[in-house]
DNA sequence: CCCTCTATTGAACGGGGTTCATAATAGCAG
DNA sequence: CTGCTATTATGAACCCCGTTCAATAGAGGG
């Protein structure tokens, strides 16, 4: 029974991630409490720290799952999209908006977790981000066939950032709530206009 | 001596705002501590709460000043810009980027402060935002003379959000640091492309 | 069954925002 | 100037929270 401890810990680890995920999804990142986690998981407070370095590690684990779901949603939208590359971009961006709106707290947690200064982003983050960028880059390469890969990378990042900004400020409460339709309109506006007369 | 107390409190209030502003600018919003504020201001811990409801109120006061400086920078850039409305947009957006980069912590604090759920954004916020939107809207109206005011408002918000997104993700540490030049390039790319063939 | 070594536990620690009983002070009447 | 009272300022104390670690429980081998 060598791996018994590891097994128990792995189970607790998964359990904690699920519980934290639910908490973040329903009440937001700032509502996550170590003591709540422990009591919901039926474990001791200290047990959390046998399995995770600190709460941020749990949040990162949750974020990895969220990011993965996001990527899957975007991929699914892309799979159902028409061949036209501009439409593909629009469909993906609206899928991004859709995911953010439907998973507001979890989506926010992706960006609200504070990294220690100077610490690099985790590997899975860069990987999922790269995947998203690839989804965008492919149609862009069709639309702009005469661009350097370097220029394409810049275009890709610029478009992703723009859509992200539109969704971020659109879903932000400070602006008194932009209607969901308007967000989609802005996304389509930016993408269509951007990709016109290529 | 009727207004003596009010005077003293007003002075403390201003003092606390200045001190908090410096702290946020140098170390970020999360480094703001009530006890530090009190000792730096040479006042009692509780004195803070005679003058502000809570720390968030101080942050909001700092943010109002930051937002005002931002608006002034953008306005200054606009004043020095050429007549061409597209160039005006580019110059303003790069001024926005410049301000964010030069005042990273203060700029972040504008968006990192968490409002109580359901609470409306403060008046000055909407006002400064409206001012920024007006700066953008004017050249846009020249570029797109045949659009509804409503459509123009959507364009304005979309462009601001896009630039904001580019700056936000560009300055974010997670992406391992996008060079400042690349951020400016992305901004120019989006704006020029967006405003072409109007 | 005991012994040892590991894993688990939750009380305690440190640090932070906020409050409130108390002390200090200002204003005023005599 | 001296009490007296109402107002203001103070900072110790409260509560919450993440994290730690001495003490306990438990597993495995002899």
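The values are calculated or read from the model by the stated rules, or taken from the named source; none is laboratory data. None of the values given here were measured: they were computed from a predicted structure. Cβ atoms come from the backbone with ideal geometry, glycine included; neighbour counts cover every protein chain shown.
Annotations
- With respect to the conditions (1) at the interface with another protein chain (Cβ under 8 Å from one of its Cβ atoms); (2) under 18 Å from residue A:88 (Cα atoms); (3) surrounded by fewer than 16 Cβ atoms within 10 Å (Cβ to Cβ), residue A:194 falls short on a single one, namely (3).
- Some residue of region A:65-81 being buried (at least 17 other Cβ atoms within 10 Å of the Cβ) and modelled with pLDDT under 95: yes
- Filter result for residue A:132 (within 11 Å of chain B (Cβ to nearest Cβ) and in a helix (DSSP H, G or I)): no
- A single entry from B:93, B:41 fulfils the requirement of being surrounded by 14 or more Cβ atoms within 10 Å (Cβ to Cβ), away from DNA strand C (no atom under 12 Å from the Cβ) and in contact (Cβ under 8 Å) with a residue 40 or more places away in the chain: B:93.
- Any hit, region B:57-73, residues being over 17 Å from residue B:109 (Cα atoms), more than 14 Å from DNA strand D (Cβ to nearest atom), in a helix (DSSP H, G or I) and away from chain A (no Cβ under 14 Å): yes
- Among residues of region B:121-138, those that are under 19 Å from residue A:108 (Cα atoms) and loosely packed, with under 15 Cβ neighbours inside 10 Å, counted: 0
- Candidates B:4, B:22, filtered to the one that is free of Cβ contacts under 8 Å to residues at least 60 places away in the same chain and more than 13 Å from DNA strand C (Cβ to nearest atom): B:22
- Verdict on residue A:14 being under 29 Å from residue A:129 (Cα atoms), without any contact (Cβ under 8 Å) to a residue 12 or more places away in the chain and in a helix (DSSP H, G or I): yes
- Of all residues in region A:8-47, exactly one satisfies the criterion of being within 11 Å of DNA strand D (Cβ to nearest atom) and modelled with pLDDT under 95, namely A:8.
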